[in-house]
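This report refers to the structure that appears directly beneath it.
Computed from the coordinates by the stated procedures, all read-outs in this text should not be read as laboratory data. Remember, predicted model here, so these are calculated numbers, not experimental data. Virtual Cβ from ideal backbone geometry, glycine too; neighbours counted across all protein chains shown.
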Amino acid sequence: MRHVIIGSGPAGVVAAETLRKADPAAEIFMLCGEGEAPYSRMAIPYLLRGDIAEDGTHLRKTADHFQRMRIGLVQARAHAVNATARTVDLGEGSLLAYDRLLIATGSRPSLEKIPGIDLPGVQACWTLADARAILAKAQPGTRVVQMGAGFVGCIIMEGLLSKGVDLTILVRSGYMVRRMMNPAASDMLRRWCEAKGVKILTRTQPKGLSQKDGVLKVDLGEGRVLPADIYLSAVGVDPNLEFLAGSGIEIHQGIVVDAHLQSSIPGIYAAGDVAESVDCLSGKRQVNAIQPNAVEQGRIAALNMAGKPTAFQGSLVFNVLTTLGLISSSFGEWEGVPGGESTELLDEARYRYMNLQFDGDRLVGANTVGFTDHIGALRGLIEGKLRLGPWKQRLLDDPTLVMPAYLAAAHRLA
């Protein structure tokens, strides 16, 4: 049996290792499309900050790890998949045959559709190559204009500021991390960043970019122009799916997978940012582009590829974000559900915020800022769909009682 994995991020690496344990005699090949050792994108902020060297981003720390596990690393990018012939086109006439295929190609930065986006000095922060380019230019006083304050945009701020740059953030929607935080939590995060010296312009989007004498000009309209040495575009990500055109694989937002993470074509599986699976709370199909989900999907897809039927229980939408030292989190149906109840705690002076969302006597969503002791309990209550009983009213009265509520609910279930 030959297993081919397209992608060498966390989902691909865990899948390869799981396959080796589950199928000791199999051939396993993993495509590394960037020409790098398998690494974690989530480690890039620590590289920018100087906490780790490049090898600190590597998912496995020993140079011969994959060789010892008899996992072949192929330094090539997939150009197409022929599901009938069961081959992956690597370009220049090179084909790699497979019996089982896992697509774990992750995401790429979204491109802003504005004039000048292809000028020198315009930069993403997604790959090791991006990080090298930023580190080469970021010096004390370097003017960085960053478009976007989503998850990625927020976690790279500390690395940039550690280099002494002059940082301005443009926020198109008016709310930072709007896909994981409500307006109250977002506003608290904005005030925190501004107190740390970051200039934030809300409801602002560039009309275009130009360049003169090596300096970028960011046109904000109405005669407003910002000079920039680096324009950092961090407006989101899109799944890497273009190479699957004509493959016959069903794709909506991502690759549509069943409970075993198999696509519409038998023998082809998907995991991570490209997989459209079921949410464990709502039952709706979605792409949940977070690393813990990618790792679990990689593991389960591999077990099914090896002939060990294992069902994926569905993904949970949750994010834990550190922005310039302030920790925030988002879980499940944080925007609430029809007919549900909610409660809120706001301590602006101490940068502490908590919002809980209920559906009946279950906790189904949460936003927090500045609370770190409650993260595990929040996830346990929400993902476990635990009934709160009398603890619901206690949480409505005092949201900080999350831990005793979780212990009581878990004990009652046991």
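What is the pair-distance distribution P(r) of the chain, computed from all Cα-Cα distances in 20 Å bins starting at 0, with each bin given as a whole percent?
In order of increasing distance, the bins hold 25, 53, 22, 0 percent.
Within the chain, count lysine pairs with alpha carbon atoms under 27 angstrom apart where the residues are 8 or more positions apart or belong to different chains.
Final tally of qualifying lysine pairs is 26.
Label 7 Å along Cα→Cβ of THR310; region 94-116 residues with amide nitrogen under 18 Å?
100-104, by backbone N distance to the label point.
Calculate one ³J(HN,Hα) per residue across region 91-98 by plugging θ = phi - 60° into the Karplus curve 6.51 cos²θ - 1.76 cosθ + 1.60, and present them in order as whole Hz with x for glycine and proline.
x, 6, x, 8, 10, 10, 7, 9
So if each residue of separation counts as 0.36 nm, and I subtract the Cα-Cα distance between ASP398 and ARG68, what length gain in nm does that give?
In short, 113.5 nm is gained.
Whole angstrom only: what separates the Cα centroid of region 348-414 from the Cα centroid of region 107-151?
Going from one Cα centre to the other spans 38 Å.
Counting DSSP beta bridges with both partners in region 79-192, what percentage is antiparallel, nearest 5?
Restricted to region 79-192, the bridges split so that about 60 percent are antiparallel.
Give, in nm to one decimal, the length gained when the segment between ALA245 and ASP279 is fully stretched (0.36 nm per residue of separation minus the Cα-Cα distance).
Going from the current span to full extension adds 9.6 nm.
Report the antiparallel proportion of the DSSP beta bridges in the chain as a percent, rounded to a multiple of 5.
Of those bridges, close to 60 percent are antiparallel.
Take every Cα pair under 8 Å in the chain that's 6+ residues apart, average their separations, divide by the length, and report that relative contact order as a whole percent.
Computed over the chain, the figure is 15 percent.
Net charge near GLY150, counting Lys/Arg +1 and Asp/Glu -1 over other residues with Cβ under 11 Å of its Cβ?
So the surrounding residues net to +3.
What is the antiparallel percent of DSSP beta bridges lying wholly in region 20-131, to the nearest 5?
Given both bridge residues lie in region 20-131, the antiparallel proportion sits at roughly 65 percent.
So what is the 222 nm mean residue ellipticity for the chain from helices alone, if each DSSP H run of at least 4 adds -39500 (n - 2.57) and you divide by all residues, rounding to the nearest 500 deg cm²/dmol?
Here the helix-only value at 222 nm equals -7000 deg cm²/dmol.
So who's got an amide H within less than 5 Å of the one on ILE327, skipping anything under 5 residues away but keeping other chains? H placed 1.01 Å off N, in plane.
Here the answer is GLY370, since their amide H atoms fall under 5 Å of that of ILE327.
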